[in-house]
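One structure is given here, and the rest of the page talks about it.
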Amino acid sequence: MSQILQEVLAANKQYQAEFGDKGSLALPPARAFAILTCMDARLDPAKYAGLSEGDAHVIRNAGGRASDDAIRSLVISYKLLGTKEFFVIHHTDCGMLLFTDDIMRDLLASSLETATVDENGWHDVGQGPGSAEARNIAFLTFKNLEQSVIDDVQRIRQHPLVPATIPVYGYIYDVKSGQLLEVPAATQIGQAK
Ligand SMILES: [Zn+2]
């Protein structure tokens, strides 16, 4: 068994021992909101937004982007589980600022091993073969952090399956300080009507 697998299972045993009465939590989030945020390992939405089990939906992907799949989750979140407010939270130093679809496609076409990065950019150092399949994936990278928050709030706001009554707030989490910084233009666009 891998070291990580052992550690995770041991941690779960500990968690279960202290689980308390959380087995009685209801399925719909008690505080009726949803957060769309990045998968970055430095972000812990439960901590930065003060969540306990059962409080809120947290939807995570690379970049915290409003992808079709993220919107699928948000629609289920409000339509079936009663959430009434959405947050889009991207963050400083996001990996999605560091590559493009073309770079990613070239790296994957070369090999399926982990690439390296230095001041000259990304390099593939793996043994091939890679795959050209990445041409079918939009990786949803971005060049401007504030604009990415604005774009994603706008996409959610304008989506025909998202009701105008749900406010969509746009924020950037600062990985250096832990602070949530509003993107006022995004929150403005995301206002409920
Ligand atoms: Zn990120």
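The values are calculated or read from the model by the stated rules, or taken from the named source; none is laboratory data. Computed from a prediction, not measured in an experiment: that's the story for all the values here. Glycine gets a Cβ as well: all are built from the backbone with ideal geometry, and neighbour counts include every protein chain shown.
Among the residues making up region 146-180, a single one is over 21 Å from residue 67 (Cβ atoms) and either buried (at least 17 other Cβ atoms within 10 Å of the Cβ) or basic (Lys, Arg) (or both): 176. Do we have any residue at all in region 125-141 that's acidic (Asp, Glu), within 16 Å of the ligand (Cβ to nearest atom) and touching a residue at least 12 places away in the same chain (Cβ under 8 Å)? Checked against the condition, which is being acidic (Asp, Glu), within 16 Å of the ligand (Cβ to nearest atom) and touching a residue at least 12 places away in the same chain (Cβ under 8 Å), region 125-141 yields no hits at all.
Scanning region 9-58 for residues that are touching a residue at least 40 places away in the same chain (Cβ under 8 Å) and of a type in the set (S, T, N, Q) yields one hit, 37.
Flag set for residue 86, criterion: away from the ligand (no atom under 16 Å from the Cβ) and touching a Pro at 6+ places or on another chain (Cβ under 8 Å). Residues in region 11-60 that are basic (Lys, Arg) and either under 23 Å from residue 153 (Cα atoms) or within 14 Å of the ligand (Cβ to nearest atom) (or both): 31, 42, 47, 60.
Based on what the data block shows, is residue 75 away from the ligand (no atom under 16 Å from the Cβ) and either farther than 26 Å from residue 175 by Cα or assigned by TED's automatic domain parsing to the domain that holds residue 154 (or both)? Here the answer is yes, as residue 75 does meet what is asked.
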